[in-house]
1. Using a ≥ b ≥ c from the Cα gyration tensor of chain A (square roots of the eigenvalues), is it rounded, prolate or oblate, where a/c under 1.5 gives rounded and otherwise the larger of a/b and b/c decides, a/b for prolate?
2. Treating the angle as unsigned and between 0 and 90°, give the value, to the nearest 10°, between the Cα long axis of helix A:204-223 and the longest Cα principal axis of chain A.
3. Where both partners of a DSSP beta bridge lie in the protein assembly as shown, what percent of those bridges are antiparallel, to the nearest 5?
4. Among B:245, B:127, which comes first, second and so on when ranked by fewest other beta-carbon atoms within 10 Å?
5. If you find the alpha carbon centre of region B:99-161 and of region B:209-285, how far apart are they in angstrom?
6. In nanometres, what is the gap between the two model label sites at residue A:222 and residue A:267, each 7 Å from Cα along Cα-to-Cβ?
7. Tell me, B:248, B:233 in order of fewest to most beta-carbon neighbours within 10 Å?
8. When the scattering of region B:88-208 is computed by the Debye formula from its Cα atoms alone, each counted once and equally, what is log10 I(q)/I(0) at q = 0.20, 0.22 Å⁻¹?
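No value in this document is a laboratory result; all are computed from the given coordinates. Here the structure is a predicted model, which means the values were calculated and not measured. Quick reminder, even Gly has a Cβ in these numbers, built from the backbone with ideal geometry, and neighbours come from all protein chains shown.
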């Protein structure tokens, strides 16, 4: 079972090269952006001197916080990329094989429909985040290394300014948790997309998105309520991993002191996330849609 | 004899259409069964039921398994080529071999590589870069490298030129078939596989109209080519089908002794294509 899953997931990586090409392109753009950004910035001598001086004079904890913020800023682009990637991957996962009729070949190998669909669900929820994570780490190292060279060229001590303070392990551990939490929290959509991918005869993107737009409108018109829209809003913006954390606090000057070493885990409520009803309801909904996708793949007979 | 496939009162309905209508048959080990029928006769539906791709009514047992409910176990011992175009176009030949090696307990990579080395197919090629004939060669090489007991071929050579078709069937006999293995094959090019078959089954409107070993065809069926005068005499023996060819009447008889037709014209055993027309058209009022 496990070896079969590994083989099936490897096949997903062969077919959907975008799983690693998307983060690879983001990584390349971020690294190139850092080089060109710093090269451009170099032209402003005075500003450079002030920045170097300011950076050198920061306390270690403040420097760690600043570097962690830069690293998290880099990670945000990968999270956005991962979102799009997951949407397009799940919509294609059970549709492409029917479109090119290769489903007849895949069904001729000794694998159940459950195993096949499971491999696609695992790819969306674990493999894509893990591949993305690997590129995040590589990009962090590249961006910090490029910055070190730049700082060195400016005559400052990069080892002191960056490497002695960079909270690499803390940032990476928190990023990994976040990258794995995002698909879990979004799992009802992942399940829905897989289901649409299994049943639709054409335009999976439209077939998946239209009901998500029409349903809240219908509810508003017919019932005058907006429970569906609120549920979508919560799913999109109110991830309980950050429960109790108000993002506006970061912009409040009174909190801008960084008195002691902070960990990114301080702003995460992992326990609250894992015990939130919303997470588990979402996983159950994902399970129902995935079961429906397995059922459709097994019973549909239009080959 | 061991039944590889055993069907009892198997039916399959799509909406109001009865695609397979109360069909019963057995296919024994070491046979090559030709499943012949016009378009829409129910051949593909029947094969899908055998392969566990669709559920059906009645009792169907393939290698002692319920094909729809025990499909995974079944697929370890069955191979099928449903169409030449079904290999995923994005996959590389080497990836295909890697994948099958890791997932199919009966796949021999060494054997597949041996077979592929006799072709022009490169392991670095993607399926989309291969010609239709090469894709079929690739598919057959893979199938042959799987130690399966039953091979199901549904129009395996459709769209291929005559050279590839001949080569396909030649390789099938030389590299795959032995007395431990069984093949079910459907094709419209009946004359090309006639010499391969050990058994033939005709299906029309979802029903089996003939199911017989090839060696019994000559004892059971005879074709008479007669003048109009003799044809009138022969007609008393109830031919199942007759047609006019070059001013003569050609009649097909079932279970009529050849001695009874002796002297009425030229006698011969009908080939599968003629027999098919006789059975299918003859049955149509």
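1. Verdict is prolate for chain A.
2. Result, in degrees: 90.
3. Counting DSSP beta bridges with both partners in the protein assembly as shown, the antiparallel share is about 70 percent.
4. Neighbour counts put them in this order, fewest first: B:245, B:127.
5. Taking the Cα centre of region B:209-285 as reference, the centre of region B:99-161 is 41 Å away.
6. 4.1
7. Least crowded to most crowded, the residues run B:233, B:248.
8. -1.20, -1.37
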